[in-house]
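The values are calculated or read from the model by the stated rules, or taken from the named source; none is laboratory data. Treat the numbers as computed from the prediction; the structure is a model and nothing was measured. Cβ placement follows ideal geometry from the backbone for every residue including glycine, while neighbour counts extend to all protein chains displayed.
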Amino acid sequence: MKFLNFYIIFNFFIAKNLALNDTLITGKWYQLWSNRYVQETSEIDWNCVKLEINYINNLYTFNKSAIIHNNHNINIKKNITYIWSEKDDKFYPYPYQTIVNPIVEIKIFGEISNNQYDYLVLTGKDNLSMFTIVRDIDKFNEKYIHQVSNLLFKYNYTGYYKSPLSSFTNIC
C-alpha cells in the first residue's frame with residue numbers, strides 16, 4: 001500500500017537552500033482534502049485524517065491517523081521518518097528505503113503564523129496524489145480556501161481523479 005507518496009507544495013515561494021527550523025512544519029494538522037486517486041488507493045475509506053509532524057535529533061516523523069468511514073471503532077495509524085537535506089532541499093526516508101517511502105521535496109511555501117505554516121499542500125512524485133493539511137480548519141476556510149483552490153487548479157489538480165475531495169468532515 002502506498003503512503004505519503006508526495007512532494008510538499010506550498011504557495012508562491014520556491015524553496016532553495018532552505019534551513020528548516022523545528023517549528024515551521026512540526027505540530028498537529030488536519031487533512032482537509034485529498035483527491036480521488038488517494039481515496040481509492042492509499043486511503044480507502046479514511047475519514048477524520050490527522051497528521052502530526054515531530055522533529056527529534058535532525059529527523060522528522062510524519063504520524064498519520066484516521067478512522068474508517070463506515071466503522072468509527074477502527075483507527076488507522078501510519079508513521080514515516082525522514083531526514084532533511086539542506087544540500088538539495090529534500091526529505092529523505094530514514095533509514096533509506098527506495099520504494100515504500102519516497103523522497104519528499106519542499107516546492108512552494110504558504111502563509112506563516114506564529115512561526116508555523118497555516119497549511120500545506122502535499123502532492124506525489126507521480127503528480128496524482130494530493131493532500132491538503134491545515135492547522136485550523138475555520139481559519140483556512142475563511143482566509144485561504146480560494147487561494148489554495150486556485151493553486152491546485154494552476155498545478156492541474158482537476159478532473160475526476162485529481163480534484164480535491166473532503167478528508168475531514170463534520171462528523172469528526
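It is to be established whether one or more residues within region 126-143 are in contact with a Cys (Cβ under 9 Å, 6 or more places away or on another chain), crowded, with 23+ Cβ neighbours inside 10 Å, among the small types (Gly, Ala, Ser) and in contact (Cβ under 8 Å) with a residue 24 or more places away in the chain.
no
Can you tell me which residues in region 98-113 are modelled with pLDDT under 85 and either within 12 Å of the chain's Cα centre (by Cα) or part of a strand (DSSP E or B) (or both)?
Residues satisfying the conditions are Val104, Glu105, Ile106, Lys107, Ile108, Phe109.
Quick one: in region 44-62, which of the residues that are over 23 Å from Leu151 (Cα atoms) and among the charged types (D, E, K, R) is modelled with the lowest pLDDT?
Within region 44-62, the match that is modelled with the lowest pLDDT is Asp45.
Could you grab me the full set of residues in region 127-146 that are more than 23 Å from Ile68 (Cα to Cα) and either small (Gly, Ala, Ser) or modelled with pLDDT under 90 (or both)?
Asn127, the sole residue that qualifies.
For region 155-164, what are the residues that are surrounded by 14 or more Cβ atoms within 10 Å (Cβ to Cβ) and either outside any loop (DSSP other than H, G, I, E, B) or of a type in the set (Asp, Glu) (or both)?
Answer for region 155-164, where residues must be surrounded by 14 or more Cβ atoms within 10 Å (Cβ to Cβ) and either outside any loop (DSSP other than H, G, I, E, B) or of a type in the set (Asp, Glu) (or both): Tyr161, Lys162, Pro164.
How many residues are in a loop (DSSP other than H, G, I, E, B) and within 14 Å of the chain's Cα centre (by Cα) when one looks only at region 114-135?
7
Enumerate the pairs (first residue in region 27-53 and more than 21 Å from Asp118 (Cβ to Cβ); second residue anywhere and β-branched (Val, Ile, Thr) and at pLDDT below 85) with beta-carbon separation below 6 Å, excluding pairs fewer than 6 apart on the same chain, so at least 6 apart or on different chains.
Here the result reads Asp45/Ile68, each pair linking region 27-53 to a residue that is β-branched (Val, Ile, Thr) and at pLDDT below 85.
Looking at (1) surrounded by 14 or more Cβ atoms within 10 Å (Cβ to Cβ); (2) at pLDDT 50 or above, which one does Ala15 not meet, given that it meets all the others?
(2)
Hey, does region 32-40 have a residue that's modelled with pLDDT of 85 or more, in a loop (DSSP other than H, G, I, E, B), more than 19 Å from Asn79 (Cβ to Cβ) and not basic (Lys, Arg)?
The answer is yes, given that some residue of region 32-40 is modelled with pLDDT of 85 or more, in a loop (DSSP other than H, G, I, E, B), more than 19 Å from Asn79 (Cβ to Cβ) and not basic (Lys, Arg).
Select from region 40-54 the residues that are surrounded by 18 or more Cβ atoms within 10 Å (Cβ to Cβ), at negative phi and not small (Gly, Ala, Ser) and list them in ascending order.
Glu43, Trp46, Asn47, Val49, Lys50, Leu51, Ile53
Going through region 50-71 one residue at a time, which ones are among the polar types (S, T, N, Q), more than 18 Å from Ile83 (Cβ to Cβ) and either touching a Lys or Arg at 6+ places or on another chain (Cβ under 8 Å) or assigned to a loop (DSSP other than H, G, I, E, B) (or both)?
Answer for region 50-71, where residues must be among the polar types (S, T, N, Q), more than 18 Å from Ile83 (Cβ to Cβ) and either touching a Lys or Arg at 6+ places or on another chain (Cβ under 8 Å) or assigned to a loop (DSSP other than H, G, I, E, B) (or both): Ser65, Asn70.
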